[in-house]
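Colleague: Handing you this structure, nothing more for now.
Throughout, read-outs are computed from the coordinates displayed, never taken from laboratory work. Everything quoted here is computed from the prediction, not taken from an experiment. We place every Cβ from the backbone using ideal geometry, glycine too, and count neighbours over all the protein chains shown.
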Amino acid sequence: MAGPQASLDLTHVLYDDDSYFSLALALVTLSPILLMPAYAALAVQSREYVICMMWLGQLAGEAFNLVLKHTIKQGRPSYSAANGYGFPSSHSQYMGYFASFLMLHLYFRHRFATTGSRILDQTLRVALYLALSAWALVVAYSRFYLRYHSVAQILWGFGIGVALGTSFYTVCELLPRLRPASIFGTLKSFLIQNPVSTWLQIRDGWDVWADGGREAEWLRWRAEWDKRRASGTKKTS
């Protein structure tokens, strides 16, 4: 005889069918799910250490959230139609981690291409930080509006996510850079230089280039592209 069945509600979201705002929040609340395949694609394509670490930390955070839920066993609000435990909100924690880790990396390590105007460069950078923060906060708010979590469950989830993102980035990136001879620097070097990482061609682009190597790769592509175009033009002539 089969045991009791449970629902895996990854993409099953309830919303008010008469409200476009509710529909918009239902779509926003699904966005964290789309980040996982994006992580995988970036990790495989770039082989960047920081992206792999960010992905690993995100997965570890999800496991930690599951442990917390099944340890605390706090139910969802009485008005919620969702199943399972509700403390802390996993969506809020997910986005808190994602936004904090990425913004720290962009602030401390990444150099954006300049527009030629320092004011415009700073404006675009601030706009990016605000956009990431807004995305994370709207996802968290959607969990309250769609009646999946209480305010406390959302705030705790978001706070735990920010704490995890900040701590993980500090251990993986900031401390190894500031103190390369410390245990953190030694561990990072091992993670990049061991035979398996070498076979997988894992690299730390931001340790060599301020923009992670994006401009160098683009210049190499542009040179080859111009060369082929010039060669094609000569053959046509």
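Colleague: Mind jotting down a quarter of the surface of the convex hull over the alpha carbons of the range 144-214, in square nanometres, one decimal? Don't jump to the answer; show the numbers that get you there.
Modeller: Numbers: hull surface 30.6 nm².
Quarter of the Cα hull surface area: 7.7 nm².
Colleague: Mind checking which of F21, F101, F144 has the largest fluctuation in a GNM of the chain, springs on alpha carbons under 10 Å?
Modeller: Largest GNM mean-square fluctuation: F21.
Colleague: Simple spin-label model, 7 Å along Cα-to-Cβ: H70 to L42 in nm?
Modeller: Here the modelled spin labels are 2.9 nm apart.
Colleague: Explain nothing, just the number: dipole magnitude of the chain about its Cα centre with +1 on each Lys and Arg Cβ and -1 on each Asp and Glu Cβ, in debye rounded to the nearest 20.
Modeller: Using only the charged Cβ atoms, the result is roughly 760 debye.
Colleague: Which angle from 0 to 90°, rounded to the nearest 10, does the C-alpha axis of helix 151-169 make with the longest principal axis of the chain?
Modeller: 30
Colleague: Another question about this same structure. Give the distance, in whole Å, between the Cα centre of the range 132-184 and the Cα centre of the range 94-120.
Modeller: First find each Cα centre; the distance between them is then 16 Å.
Colleague: With viscosity set to 1.567 mPa s at 4 °C, what whole-number translational diffusion coefficient in µm²/s follows for the range 6-87 from Stokes-Einstein and a Kirkwood radius over Cα pairs? Present the calculation step by step, with values, prior to reporting the outcome.
Modeller: Details: Rh = 15.2 Å.
Translational diffusion coefficient: 85 µm²/s.
Colleague: For the range 20-203, taking Cα atoms only, what is the radius of gyration to one decimal and the Dmax to the nearest whole Å?
Modeller: Considering the range 20-203 through its Cα atoms, Rg and Dmax are 18.3, 55 Å.
Colleague: Work out the FRET efficiency for A223 and L130 from their Cβ-Cβ distance, taking R0 = 30 Å, and round it to the nearest 0.05. Intermediate values should be presented prior to the final figure.
Modeller: Working: r = 36 Å, r/R0 = 1.20.
So, using R0 = 30 Å, E works out to roughly 0.25.
Colleague: Per the helix-only calculation at 222 nm, which mean residue ellipticity applies to the chain, given -39500 (n - 2.57) for every DSSP H run of n ≥ 4 and division by its residues, nearest 500 deg cm²/dmol? Present the calculation step by step, with values, prior to reporting the outcome.
Modeller: Details: 10 runs with 160 residues, N = 237.
It comes out at -22500 deg cm²/dmol, rounded to the nearest 500.
Colleague: Which number do you get for Rg(Cα) / (2.2 N^0.38 Å) in the range 102-237?
Modeller: After normalising by residue count via 2.2 N^0.38 Å, the value is 1.50.
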